[in-house]
Amino acid sequence: MLLLLEVVNFGRSLIVFQLQNAKPFPKYATRNDPVTSSLDRATNASSPATTKFNFLRCQKIIGEQIRGSKFVCFNTEDCSGLSVEMSNSRHRKSGKLPPGPNCFPIIGNIPLLGLNPHQSLAKLAKTYGPIMYLKLGSIDTIVVSSPEIAKEVLQNQALLGRKIPAAAEVHEHDTHSMAWLPIANHWRILRKISKEQIFSVPRLEASQGLRQEKLQKLFDYVHECIVNHQLVDVGEAAFITSLNLLSATLFSVDCAQFNSDSSQELKETIRAMTKVVASFNLVDYFPVLKSIDPQRVMHKSNIYYGQIYSILDNIINQRLRLRAESSEHMEKNDFLEALLDYSQSNPSEFPRDRIKHLLLDLFVGGTDTTTATVEWVMTELIRNPEIMAKARNELWDVVGRNNKVKESDISRLPYLQSVIKETYRYHPTGPLLIPHKAEVDVEINGYIVPKNSQICVNIWAIGRDSNIWSNPDSFDPERFLKREIDIKGQDFDLIPFGSGKRMCPGFPLATRTVPLMVATMIHNFDWKPEKGMKPEEVDIIEKFGVALQKAVPLKAIPIKI
């Protein structure tokens with residue numbers, strides 16, 4: 001039996017499927033168009049050669065009509081590992097699974113995810129409750145949408161495993177990455193290094209001068225745009241600044257420049273890699289296809305990871321040469337220096353070849369999320385000029401109009417912090433966190449979470465829950481002035497960085513850089529939407545990916561005050 005899987009630019013989302021002799025879906029085609037004709041011929045073909053030709057023809061046609069479409073054709077008789085489950089006869093393990101929607105054959109509940117899975121799952125949770133079961137391809141999936149159950153899940157030792165995406169397995173990254181390693185000795189060593197050698201208060205204090213330089217470049221770029229009467233692509237400006245803030249903190253190097261193509265290699269490679277990692281990959285839902293890599297996601301990921309490792313190797317080797325040339329070389333106050341010192345003192349615990357894997361995790365993991373958060377903050381400030389004015393007035397009162405904002409000022413800016421928290425609630429950059437995996441069968445809230453199932457915590461749904469937040473669909477920073485809540489993983493109503501052992505290790509740096517970037521952009525500048533737009537017309541349409549991004553990039557007019 002032939003199965004045609006059509007994956008249409010849904011970023012980890014939708015498969016529209018056809019079984020042999022099934023009629024084409026009218027959503028995409030009518031009976032007389034070339035796509036439908038090709039599908040008909042493909043599903044009724046008598047020979048493999050004809051089938052292959054028609055699938056390829058179909059791919060070419062839809063590739064021109066629907067951006068990003070992919071096709072995969074395989075014989076299900078050769079794929080005994082695929083789990084075939086009928087809608088009303090879903091196999092149940094011993095015990096009681098959480099409630100959930102009925103499944104389609106083979107693909108399970110994948111079609112229900114849509115373009116933005118976090119939103120679709122939030123709607124499903126209103127029907128099936130705060131803990132529900134879905135079958136995504138052959139993968140058992142548990143979705144949690146309440147703070148009480150999120151706390152139970154994130155603090156349960158048996159649910160701290162990781163469901164590793166195939167794209168992260170290239171270059172053996174999953175065996176060295178703190179994000180994907182099991183909670184064992186290797187992971188504990190990396191966590192200890194991150195906490196003590198990288199994100200400790202003394203280390204962050206020592207490197208804040210480097211970050212201040214990058215913020216000055218952001219200020220200068222915005223000022224230059226005013227002089228040249230240019231719009232600012234806020235996301236692009238935030239991306240370059242985030243990239244340089246991280247690269248300066250990690251290894252004292254600028255990786256990108258405003259209005260320049262001279263240092264774009266790493267920037268473009270990171271963007272390409274995160275796009276590939278975020279793309280829908282059949283292998284993640286049908287592991288039996290891993291050796292085939294039908295969409296070549298692993299192939300592309302292998303290339304991009306390799307390019308980034310090559311760049312990081314060059315940076316590390318250059319620093320090693322500098323250290324070797326003179327024992328009196330001037331030490332840099334960056335994380336690479338600390339990692340090399342630690343590796344030299346503890347070679348068996350932290351071999352030098354692991355440095356690049358840790359740097360990649362920190363570097364790539366922090367760039368997209370910081371960029372997306374800053375763009376969302378600026379979007380809401382431009383949509384709400386009165387909120388921007390209030391945040392700016394606070395800056396003037398606390399810092400002064402002509403002084404530069406420093407990291408030490410952030411704790412004295414409660415309204416700005418409230419704006420950031422409200423953005424984390426309303427536009428969390430990791431809406432489903434990184435999925436956990438059950439190492440054994442576990443009972444949660446009276447239901448069985450099956451062994452090897454993946455667990456997604458929908459913090460987007462928690463942030464929009466009217467039982468937790470008043471007027472949840474309104475952007476209102478004032479709520480955090482009335483209610484004391486931290487974002488360090490202790491209050492499960494708001495956990496943008498996760499919680500427990502799997503909490504994002506970089507949150508101490510993120511809580512410094514995000515408010516500083518926003519403060520730099522509004523301290524001496526006002527912002528207006530593109531000409532012809534009213535503030536309330538600036539859209540807030542979301543695009544699901546590695547980080548929850550704004551679907552349409554924010555371009556705005558800066559005005560010097």
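The selection criterion, being part of a loop (DSSP other than H, G, I, E, B), loosely packed, with under 14 Cβ neighbours inside 10 Å and assigned by TED's automatic domain parsing to the domain that holds Ser279, does not hold for Asp493. Scanning segment 358-381 for residues that are surrounded by fewer than 22 Cβ atoms within 10 Å (Cβ to Cβ) and modelled with pLDDT of 95 or more yields a single hit, Glu380. Filtering segment 513-530 to residues that are farther than 22 Å from Ala248 by Cβ and assigned to a helix (DSSP H, G or I) leaves only Ile522.
Restricting the first member to segment 334-346 and to residues that are without any contact (Cβ under 8 Å) to a residue 60 or more places away in the chain, and the second to residues that are in a helix (DSSP H, G or I) and among the hydrophobic types (A, V, I, L, M, F, W, C), the beta-carbon pairs closer than 8 Å and six or more apart or on different chains are Leu340/Ile316; Leu340/Leu320; Leu340/Ile355; Ser343/Ile355. Whenever a residue of segment 214-229 is in contact (Cβ under 8 Å) with a residue 12 or more places away in the chain, its partners that are of a type in the set (Ser, Thr, Tyr), lying with C-beta atoms within less than 7 angstrom and at least six residues away or across chains, give the pairs Lys214/Thr241; Leu215/Thr520; Leu218/Thr241; Leu218/Thr520; Phe219/Thr520.
Taken across segment 202-214, residues that are surrounded by 14 or more Cβ atoms within 10 Å (Cβ to Cβ) and either closer than 29 Å to Glu439 by Cβ or at pLDDT 95 or above (or both) do not occur at all. Checking each residue in segment 377-422 for being among the basic types (Lys, Arg) and free of Cβ contacts under 8 Å to residues at least 12 places away in the same chain picks out no residue at all.
Quick check, is Glu380 touching a Phe, Trp or Tyr at 6+ places or on another chain (Cβ under 6 Å) and over 19 Å from Pro505 (Cα atoms)? Yes, satisfied. Does segment 231-240 include one or more residues that are in contact with a Ser or Thr (Cβ under 7 Å, 6 or more places away or on another chain), in the same structural domain as Leu509 (by TED's automatic domain parsing) and under 26 Å from Asn402 (Cβ atoms)? Looking for residues that are in contact with a Ser or Thr (Cβ under 7 Å, 6 or more places away or on another chain), in the same structural domain as Leu509 (by TED's automatic domain parsing) and under 26 Å from Asn402 (Cβ atoms), one finds at least one in segment 231-240, hence yes. Listed by first and then second residue, the pairs linking a residue in segment 461-484 that is under 22 Å from Asn116 (Cβ atoms) to a residue that is loosely packed, with under 10 Cβ neighbours inside 10 Å and at pLDDT 95 or above, with Cβ atoms under 8 Å apart and 6 or more places separating them unless they lie on different chains, are Arg464/Asp473; Pro472/Ser466.
Taking segment 104-135 as the range and being surrounded by fewer than 22 Cβ atoms within 10 Å (Cβ to Cβ) and among the hydroxyl-bearing types (Ser, Thr, Tyr) as the test, the residues that pass are Ser120, Thr127, Tyr128. Scanning segment 159-181 for residues that are part of a helix (DSSP H, G or I) and surrounded by 15 or more Cβ atoms within 10 Å (Cβ to Cβ) yields Leu159, Ala166, Ala167, Ala168, Glu169, Val170, His171, His173, Asp174. Among the residues of segment 480-493, write down those that are farther than 15 Å from Ala150 by Cα and either more than 26 Å from the chain's Cα centre (by Cα) or among the polar types (S, T, N, Q) (or both). Answer for segment 480-493, where residues must be farther than 15 Å from Ala150 by Cα and either more than 26 Å from the chain's Cα centre (by Cα) or among the polar types (S, T, N, Q) (or both): Leu481, Lys482, Arg483, Glu484.
Residues of segment 418-449 that are outside any loop (DSSP other than H, G, I, E, B) and either touching a Ser or Thr at 6+ places or on another chain (Cβ under 8 Å) or of a type in the set (A, V, I, L, M, F, W, C) (or both): Val419, Ile420, Thr423, Tyr424, Lys437, Val442, Ile444, Ile448, Val449.
With respect to the stated conditions, Lys135 fails to be in a helix (DSSP H, G or I) and either outside the structural domain of Asn467 (by TED's automatic domain parsing) or touching a strand residue (DSSP E or B) at 6+ places or on another chain (Cβ under 8 Å) (or both).
The condition (being out of contact with any Lys or Arg (no Cβ under 9 Å at 6 or more places or on another chain), modelled with pLDDT under 95, closer than 19 Å to Gly506 by Cα and of a type in the set (S, T, N, Q)) is satisfied by just one residue among Thr274, Thr249: Thr274.
Take segment 417-440 and flag every residue that is more than 16 Å from Leu134 (Cα to Cα) and over 19 Å from the mean Cα position of the chain (by Cα). Gln417, Ser418, Val419, Glu439, Val440 - these are the residues of segment 417-440 that are more than 16 Å from Leu134 (Cα to Cα) and over 19 Å from the mean Cα position of the chain (by Cα). Applying a threshold of 7 Å to beta carbon distances and a minimum spacing of six or more residues, or different chains, the list of pairs starting in segment 519-536 at a residue that is touching a residue at least 60 places away in the same chain (Cβ under 8 Å) and ending at one that is loosely packed, with under 15 Cβ neighbours inside 10 Å and among the acidic types (Asp, Glu) reads Pro529/Glu537. Take Asn452 and decide whether it is modelled with pLDDT under 95 and assigned to a loop (DSSP other than H, G, I, E, B). When the stated conditions are applied, Asn452 does not pass them. The set of residues from segment 182-209 being closer than 17 Å to Leu339 by Cβ and outside any helix (DSSP H, G or I) comprises Phe199, Ser200, Ser207. Right, Ser138: buried (at least 21 other Cβ atoms within 10 Å of the Cβ) and either hydroxyl-bearing (Ser, Thr, Tyr) or without any contact (Cβ under 8 Å) to a residue 24 or more places away in the chain (or both) or not? For Ser138, the condition - buried (at least 21 other Cβ atoms within 10 Å of the Cβ) and either hydroxyl-bearing (Ser, Thr, Tyr) or without any contact (Cβ under 8 Å) to a residue 24 or more places away in the chain (or both) - is not met. One residue alone among Glu196, Glu236 is more than 22 Å from Asp368 (Cα to Cα) and among the charged types (D, E, K, R), and that residue is Glu196.
The values are calculated or read from the model by the stated rules, or taken from the named source; none is laboratory data. Given the structure is predicted, the values throughout are model-derived calculations rather than measurements. Neighbour counts are summed over all protein chains in view; Cβ atoms, including those assigned to glycine, are modelled from backbone coordinates with ideal geometry.
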